[in-house]
Each structure stands twice: as structure tokens, then as C-alpha cells.
1. Using a 1.4 angstrom probe, figure out how much accessible area region 206-254 has per residue, in square angstrom, rounded to the nearest whole.
2. Rank-order 100-109, 41-50, 18-27, 87-96 by packing density, defined as the average count of other C-beta atoms within 10 Å over each peptide's residues, highest first.
3. Using a simple charge model, +1 on the beta-carbon of Lys and Arg, -1 on the beta-carbon of Asp and Glu, nothing else, what dipole does region 206-254 show about its Cα centre, in debye to the nearest 20?
4. Give me the accessible area per residue for region 2-203, probe 1.4 Å, as a whole number in Å².
5. Determine the share of the chain's accessible area contributed by carbon and sulfur atoms, expressed in whole percent, with a 1.4 angstrom probe.
6. Hey, got the dipole for the chain? About the Cα centre, +1 on K and R Cβ, -1 on D and E Cβ, debye to the nearest 20?
7. Enumerate lysine pairs in the chain that are 8 or more residues apart or on different chains, then count those whose Cα atoms are under 21 Å apart.
8. Each label point is 7 Å from the Cα along the Cα-to-Cβ direction; what then is the distance between the points at Val249 and Trp179, in nm?
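The values are calculated or read from the model by the stated rules, or taken from the named source; none is laboratory data. As the structure is a prediction and not an experimental result, all values here were calculated from the model. Quick reminder, even Gly has a Cβ in these numbers, built from the backbone with ideal geometry, and neighbours come from all protein chains shown. SASA here: full protein model, heavy atoms, side chains in, ligands and nucleic acids out. Shrake-Rupley method; radii C 1.70, N 1.55, O 1.52, S 1.80 Å.
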Amino acid sequence: MQFKHVTLDFDGPVAVLKLDHQEVMNAVSMDMLGGLGEALDEIDDKRDEVRCVVLTGAGRAFCTGANLQGRNNQKPGKSNAGQSLEIGFHPFLRRLRRLHCPIVSAVNGPAAGAGMSFALMGDMILCARSSYFLQAFRRIGLVPDCGSTWLLPRMIGKARSVELSLMGERLPAEKALEWGLVNRVYDDAVLMEEAMKLAHDLANGPTIALSLIRKLYWDSPENSFEEQLNLEFESQRIAGAAEDFKEGVTAFLEKRPAKFKGK
């Protein structure tokens, strides 16, 4: 399915959401954000069928950040650089956070600025060996946005986060793996094959439980210990009432692989 600068394909229970504006290395425009919203609508409509989403980029880039074309003629003091965040970027990021199923980011090239934040929204982040991350904002006189100042310190600590943002230097995939920012690095030629293999593994899992696991870890940094215990209790109650829990226990006792249905 084709939307504005976005492609959406389905491979069984896996949805492949691809940023697709190769002329600008998948830089994000308001048109693309509209296309992403429509693609997420389609995924929501098929939520009973879609049990994992792969987020990646078309061509040789994942996403090089916001599309700056036409912004060089803005007068100092007249630009409202934050307006597009609240209108376009933030709704998309919030929807990714609340998604009903796991997200696998397949970072196939540069992931810069907002593109870096998009990649880090994945529950599992897989990278091509040639890919890299870049906090590009300081290069154009802006501050990090799209949630990067929330995500990065929680993933790699304050010192490394500040260094990336102040210096604006590339972080190669191998170094990102060493720092614990990403999960796995593959040779470029096999990245999508490995991403789809992982996505199908997740899609064949207990989807209700996986969705609750996502929520637990997203909410954890904002909760006290007692609040997190309560959230675990509520989440376990929901997971324990699902058909998949019964199937998981039965399969364990019968010493066979579980056949989860996401119910």
C-alpha cells in the first residue's frame, strides 16, 4: 500500500512500515507524517491480524531527520521550529508508544535527528553494519527533539547523551551496540532478512503479553517502585486471563512448542 512518501506492506502477521522518499534520503516532511498517520490507521484497522511492525527506510537511508528544504529563506525570529513538532511529529511518536504490538526497527542507513528518535522507538533495534546515528540538531543551531532527550539518557546515560548532542558526531552501528543503544548489528545484505525473521518470531508469540511488556518498560522510568509493582500486578492479571496463558502452560506441561493465537 502506498501513502505519501510511505509504503506499507503485509507479510502475514507482520506489517512493514517503510519511510519512502529516497530523493531526500527519507527526510521527514509534513506530507510524510500524514502518510505515516494513514499507515498507522491501516495497521489499527487490522490490529487483530497485525502482531508485529517492522519500521525501516527505503533505499540507502533509514531517515536523515526533518526535511529542511525551503527553510533557508526564513527570517530570524520569525520561524516557529517547534510548531511542526506538536502538529506532526509528536502525534506519530505517541502512537508508536501506544501501539498494540512490538516494533522492530531495521536501521538500514543513516538515522539522524528525528530519524534517530524514530529508530529508537523500536522495542528491538537492528542495524546494518554500515548504518550510523547522528544527533544533528547542533549543526543547524537547534536543540534535540522528538523525545531524544528523554530516550537517550535512559538508554545510554547522561554523559554519552550530552556528548552526542553537543558534539554532533556520528555514532557507528558497532559503537551503538557496544553502548547498549541497539540490540543487534548485521551485514547490510542480510539486515531485512534477519529483521523479518525476528518480527515473525514476535508475531507468533503471545501478543497480549508482549503488548503489556512494552507498556511496562515504557512506563517504568516514570513510576516509583510501588507504582511499578502495581502496574505489574494489573498487567499480570490481564495476561493471565488470556487464552495464550492457558496454551503456554499446557504446551510447557506437554513438552511441545506453544501455539499462541494472540488472544
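1. Per-residue accessible area for region 206-254 comes out at 68 Å².
2. Packing proxy ranking, top to bottom: 100-109, 18-27, 87-96, 41-50.
3. 100 debye
4. Per residue, region 2-203 has 47 Å² of solvent-accessible surface.
5. 53 percent
6. 540 debye
7. Lysine pairs satisfying the spacing and distance rule in the chain number 18.
8. Going from the Val249 label point to the Trp179 one covers 4.4 nm.
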